[in-house]
Amino acid sequence: MKPTEFKGIYAGESSIRIDFMLNGERCRETIRGTPTKTRLKEAALKRDQIQYEIDMGKFDYLSHFPNSPRALRHTPNKAAHITISQSVDIWFKHKSKNWTQATYRGNLSKVRTHVLPNFGQLTLAEFKPSMFKLWASSSTLSPKSINAVRSIMLGIFKEQFNDCVIDSNPIEKCEPLPKRTKRVTPFNPEQREAIIDAIANPIARDFYIFAFSTGLRTGEQLGLRWQDVDFEKKRIYIRQSIVNGKLAGTKTDSSNRTHHLDDEALQVLLNIQQYHPSNQPEERVFINPANMKPWKDDAVPRNRHWKPALKRAGVPYQRPYTCRHTYASTKLTAGCDPSWLAKQMGHKDWGMIRTIYAQWID
């Protein structure tokens with residue numbers, strides 16, 4: 001581009017460039033359009049205005065050049081130009097690689113269902129703690145779900161706070177809701193036996209006997225491999241799970257654990273050895289009797305075997321996760337140490353045992 005009669009204004013064939021200094025840095029911004037005399041004069045006036053605002057400490061790069069790649073870096077009020085929707089993208093980019101697939105799906109669902117529809121269009125500067133409190137007070141979600149959304153938004157704003165885009169995290173001023181005590185209804189011994197007896201297929205029956213006698217999460221049981229079984233020491237190692245048909249890690253760090261087997265659980269594994277098509281270390285233990293291959297996901301055993309069995313047994317329907325509650329309540333009733341049980345079930349400490357299963361603790 002060639003210099004013009006106006007200071008800091010350069011002309012090309014179909015564009016005009018404005019040059020100015022900002023905080024010791026030379027900035028060049030191009031405006032499209034034929035450099036007529038009138039347009040060059042307008043550009044010079046714009047440069048004068050920019051220079052005045054810089055001198056007065058009022059210059060906002062974004063207001064003059066909203067499409068400039070350097071604008072956000074130089075604007076004094078980034079929070080007024082970054083939306084919560086954009087902040088969500090930044091949060092996902094920075095954090096999602098460390099999430100399990102289940103965590104990713106859960107966060108994505110809550111963001112799409114609750115965060116973006118209610119707050120996504122707001123800029124960071126526009127958002128106020130009262131907006132979240134108003135949403136929470138009018139929401140039909142459970143306190144646990146509202147707190148989960150709060151936790152996500154806390155993380156979203158934290159990224160912007162760490163980057164000095166905002167001076168404080170507004171979600172920190174929104175107290176989490178008190179949690180409701182989770183009430184569980186385990187199967188009683190008669191119901192447990194009736195369900196097992198009602199599972200017609202012996203391979204599927206082994207699957208649910210093991211669930212009742214270990215309390216594993218279904219995904220953990222689906223992911224169990226022969227290399228994770230120590231027959232001599234009567235224990236298994238929980239190292240992976242199957243979530244939504246895909247291999248994943250365990251739910252939390254404490255879920256990655258050693259689990260001790262009782263005689264009933266050990267016998268199930270010995271039974272499976274007799275009919276399993278492969279005992280190679282990397283092979284998964286529990287298989288679908290329809291094709292003698294590992295279960296694809298938890299929906300198949302639940303729909304083909306669990307639901308029909310409860311119906312035949314005359315037991316009111318509860319999801320297979322109730323096997324886990326039944327295991328915990330049975331062990332506590334027998335007088336086992338709650339701290340030991342917490343390790344068996346993959347809890348960080350026995351606080352969850354105390355909260356959920358208090359009535360079975362002597």
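The values are calculated or read from the model by the stated rules, or taken from the named source; none is laboratory data. As the structure is a computational prediction, the values presented were derived from the model and not from experiment. Glycine gets a Cβ as well: all are built from the backbone with ideal geometry, and neighbour counts include every protein chain shown.
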ask   = Could you say whether any residue in segment 70-83 is surrounded by fewer than 16 Cβ atoms within 10 Å (Cβ to Cβ), outside any helix (DSSP H, G or I) and among the basic types (K, R)?
value = yes
remark   = Filtering strands (runs of 3 or more DSSP E) wholly in segment 214-295 for at least 1 residues that are more than 21 Å from the chain's Cα centre (by Cα) and under 22 Å from P320 (Cα atoms) gives 235-238, 257-260
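Among the residues of segment 328-342, what is the count of those that are in contact with a helix residue (DSSP H, G or I) (Cβ under 7 Å, 6 or more places away or on another chain) and either assigned to a loop (DSSP other than H, G, I, E, B) or among the hydroxyl-bearing types (S, T, Y) (or both)?
Step one: list which residues in segment 328-342 are in contact with a helix residue (DSSP H, G or I) (Cβ under 7 Å, 6 or more places away or on another chain), which gives 328-329, 331-333, 338, 341-342.
Add one more test, that the residue is either assigned to a loop (DSSP other than H, G, I, E, B) or among the hydroxyl-bearing types (S, T, Y) (or both), and what stays is 329, 333.
Qualifying residue count, segment 328-342: 2.
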message = Please verify whether A136 is in the same structural domain as E29 (by TED's automatic domain parsing), touching a Leu at 6+ places or on another chain (Cβ under 8 Å) and surrounded by 15 or more Cβ atoms within 10 Å (Cβ to Cβ), treating the condition exactly as stated.
response = no
Residue satisfying all of: in segment 343-362; free of Cβ contacts under 8 Å to residues at least 60 places away in the same chain and assigned to a helix (DSSP H, G or I); nearest to the chain's Cα centre (by Cα) among these = M352
key: The one condition in (1) farther than 20 Å from P178 by Cβ; (2) more than 18 Å from the chain's Cα centre (by Cα); (3) among the aliphatic types (A, V, I, L, M) that L134 fails to fulfil   = (1)
message = I'd like the full set of residues that are of a type outside the set (A, V, I, L, M), surrounded by 14 or more Cβ atoms within 10 Å (Cβ to Cβ) and farther than 22 Å from I166 by Cα, limited to segment 89-113.
response = W99, T100, Q101, T103, Y104, G106, N107, K110
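Which one of S213, S241, S278 is over 28 Å from N98 (Cβ atoms) and surrounded by 15 or more Cβ atoms within 10 Å (Cβ to Cβ)?
Answer to the check: S213.
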request  = Could you list, in sequence order, all residues of segment 87-132 that are in a helix (DSSP H, G or I), of a type in the set (K, R) and without any contact (Cβ under 8 Å) to a residue 60 or more places away in the chain?
outcome  = K93, K97, K110, R112
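Considering only segment 296-319, state which residues are part of a loop (DSSP other than H, G, I, E, B) and either without any contact (Cβ under 8 Å) to a residue 12 or more places away in the chain or of a type in the set (G, A, S) (or both).
Kept after step one, since they are part of a loop (DSSP other than H, G, I, E, B), are these residues of segment 296-319: 296-298, 314-319.
Matches in segment 296-319: G314, P316, Y317.
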